[in-house]
Amino acid sequence: MIDFSVQIAVTHTQAIVPRVGLVYQRPRSVAFVRAHGAYGMASQRAWDVMLSWINERGLSLQLPYGYGLAYDNPRRTAQGQCRYEACVELPDSYVELPTDGICFQTLPGGAYARTRHVGPYSGLRHSVVRIRDTWLTEQTHLTIDRRRPFMFTYLDAPGSCEPEELRTDVCIPVRAPSDDVFPRIKMSEPFDA
C-alpha cells in the first residue's frame with residue numbers, strides 16, 4: 001500500500017519553496033542613484049530620488065523594470081557604509097548628462113542564481129539568505145562572484161499592487177570556483193592519451 005500522506009507533504013513543500021535557477025543577465029545601460037546605509041533605508045532613499053527623476057521626465061510608462069544593486073555584505077560592512085543603487089534601464093533614444101544625483105553606468109552581465117520573491121520588499125533578505133546559505137552551499141560547481149553586486153529586479157511598480165503581491169527576482173552573481181581551488185594542468189607536463 002502506498003502512503004499518499006508523504007507524497008502530499010512533499011508536493012505541498014515544493015509548492016511553497018520557490019525554485020532557484022541559473023540565468024544569464026545581459027549587460028544593460030542604466031541611470032542610477034547611489035545611497036549609503038542599512039539596505040532598507042538606503043534603498044528607500046535611492047528610489048525616492050529615482051522615481052521623482054523618472055516622473056519629472058515622463059518616463060514611467062517607458063520603463064518596465066527597476067533594478068536594485070547591493071554591493072556590500074552587511075555582515076562584514078558597517079551598515080552606514082553599505083552601498084545600494086536604484087537603477088532603471090533607459091530607452092535607447094534617451095540621452096541626458098548626469099544631474100541631480102543621477103548617474104549612468106552599464107550593469108554587469110553574467111551568470112546569476114535567481115529566485116522569485118513574492119511579497120513585501122522587507123522580506124527580500126530571507127530570499128537572499130535562502131539562496132546564499134542553503135542553495136548555493138549545495139552547489140559544488142558554483143561560488144558567489146564577489147566582483148559583481150547582488151541584483152534585485154523589481155517586476156512591479158510600487159503602488160501597482162498590494163505589498164503581498166509584489167514580485168522581485170533576487171539574483172546572486174555566481175561563477176565557477178577559481179583556479180586556486182582547481183589548479184590547471186601546466187602545459188609543460190606530459191599528457192597521456
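The values are calculated or read from the model by the stated rules, or taken from the named source; none is laboratory data. Bear in mind that the values here come from a model prediction, so they are computed numbers and not experimental data. Here the Cβ is made from the backbone with ideal geometry for all residues, glycine too, and neighbour counts use every protein chain on show. What goes into the accessible areas is simple: the full protein's heavy atoms, side chains included, and nothing from ligands, DNA or RNA. Shrake-Rupley method; radii C 1.70, N 1.55, O 1.52, S 1.80 Å.
Leaving ligands, DNA and RNA out of it, work out the accessible area of Tyr71 with a 1.4 Å probe and give it in Å² to the nearest 10.
70 Å²
Quick one: if the Förster radius is 41 Å, what FRET efficiency do Ala157 and Val129 give, using the C-beta to C-beta distance and rounding to 0.05?
According to the calculation, E is roughly 0.95.
Stretch Glu96-Gln44 to full length: gain in nm at 0.36 nm per residue minus the Cα-Cα span?
16.3 nm
Once neighbouring chains are kept in place and the probe is 1.4 Å, which whole percent of the accessible area of the stretch 29-87 is contributed by carbon and sulfur? Numbers along the way, then the final one.
On the way: 1590 of 3100 Å².
Accessible surface attributable to carbon and sulfur in the stretch 29-87 totals 51 percent.
On the protein heavy atoms, probe 1.4 angstrom, tell me the percent of accessible surface of the stretch 122-182 carried by carbon and sulfur. Could the numbers behind the result be given before it?
Values: 1780 of 3400 Å².
It is 52 percent, rounded to a whole number.
Calculate the spin-label point distance for Arg116 paired with Gln62, positioning each point 7 Å from the Cα along the beta-carbon direction, and give it in nanometres.
2.9 nm
Kindly state, to the nearest 0.05, the FRET efficiency for His141 paired with Arg19, given R0 = 30 Å and r defined as their beta-carbon distance.
The value I calculate is 0.95.
Compute the FRET efficiency between Gln105 and Ala78 as 1/(1 + (r/R0)^6), taking r as their Cβ-Cβ distance and R0 = 25 Å, and round to the nearest 0.05.
On the way: r = 24 Å, r/R0 = 0.97.
It comes to 0.55.
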